[in-house]
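A quick write-up on the structure given underneath.
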Amino acid sequence: MNANADPNTTANAQMVFCRACGRQIHVSATSCPGCGARQIAAGESEKLLLPAFVLCVVFGYLGAHRYYAGKIGTGILMLITAGGLGIWVLIDLILLLSGSFTDSEGKKLKRWV
Ligand SMILES: [Zn+2]
């Protein structure tokens, strides 16, 4: 038998490792069948929307949600300008709700919890 005929050889190209248990799972899997850990898609932020949203509502004028997302520079700018006098905070809230808010790596925050 030719080892190259192993059907897993082609399948491996679409396999990734579970972030929690290291088990090999398909790239399209939203959760690990082994441990149940939620998987994060490429280009998707590890940061969650819910804490970012709560921080934006409560401490948005301090730029708290931007610190959370790793955007320290604009977070400080937000603190100095009191959230762009509230307008910037409002824009960020809309971005968060529409799933367009990005973290410091330019990845979009997609998951609420
Ligand atoms: Zn796992």
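The values are calculated or read from the model by the stated rules, or taken from the named source; none is laboratory data. Note that the structure is a prediction, hence the values are computed from the model and not measured. With ideal geometry, Cβ positions are generated from the backbone for all residues, glycine too; neighbour counts draw on all protein chains shown.
Out of the range 26-39, which residues are closer than 11 Å to V16 by Cα and either near the ligand (Cβ under 8 Å from one of its atoms) or surrounded by 11 or more Cβ atoms within 10 Å (Cβ to Cβ) (or both)?
Taking the range 26-39 and keeping what is closer than 11 Å to V16 by Cα, we get 26-29, 32, 39.
If the condition is that a residue be closer than 11 Å to V16 by Cα and either near the ligand (Cβ under 8 Å from one of its atoms) or surrounded by 11 or more Cβ atoms within 10 Å (Cβ to Cβ) (or both), then H26, V27, A29, C32, Q39 are the ones that fit.
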Return a yes/no flag: does the range 84-98 have any residue that is outside any helix (DSSP H, G or I), closer than 19 Å to A41 by Cα and not aromatic (F, W, Y).
yes
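If I ask for residues that are touching a Ser or Thr at 6+ places or on another chain (Cβ under 7 Å) and assigned to a loop (DSSP other than H, G, I, E, B), which ones from the range 32-44 would you list?
So the first thing to find is which residues in the range 32-44 are touching a Ser or Thr at 6+ places or on another chain (Cβ under 7 Å), and the list is 37-39.
Passing the criteria: A37, Q39.
Modelled with pLDDT of 90 or more, of a type in the set (S, T, N, Q) and under 23 Å from V113 (Cβ atoms): which single residue out of S28, S100 fits that description? Can you show your working first?
Numbers: S28 fails: modelled with pLDDT of 90 or more.
Answer to the check: S100.
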